[in-house]
1. Considering Cα pairs under 8 angstrom that are at least six residues apart, work out the relative contact order of the chain and quote it in whole percent.
2. Tell me the angle of helix 48-63 to the major Cα principal axis of the chain, expressed in degrees between 0 and 90 and rounded to the nearest ten.
3. What are the chymotrypsin sites (Phe, Trp or Tyr not before Pro) within the chain that DSSP puts in a loop, where the Cβ has at most 15 other Cβ atoms within 10 Å?
4. With +1 on each Lys and Arg Cβ and -1 on each Asp and Glu Cβ, and nothing else charged, work out how big the dipole of the chain is about its Cα centre, in Debye to the nearest 20.
5. Any idea what the alpha-carbon Rg over 2.2 N^0.38 Å comes to for the stretch 6-69?
Amino acid sequence: MDTVPLIDVRALVDPASSPLARREVAARMGAACRNTGFFYVVGHGVDVGLQTRLEVLARDFFARPEEEKQR
């Protein structure tokens, strides 16, 4: 099984990045989607506290009974 790629997306969120850098990130994302179906993202600038809260909420949601999730 392939490992999940780690992609630095700084070029997509940095207004000073070049079009070439943005295309390279997009190409890596496309390849990851085609080859493994998933990828990890770094360099996005999302606050660590917000990331942690999202993970807690997601785990809580997916631990609920199916009928509750369908509401």
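Bear in mind these aren't lab numbers, they're just calculated from the coordinates by the rules spelled out. The structure presented is a predicted model; accordingly, all values stated were derived computationally and were not measured. So basically every Cβ, Gly included, is an ideal-geometry build from the backbone, and we count neighbours across all protein chains shown.
1. 36
2. Helix 48-63 sits roughly 40 degrees off the main axis of the chain.
3. Phe38
4. 200
5. 1.47
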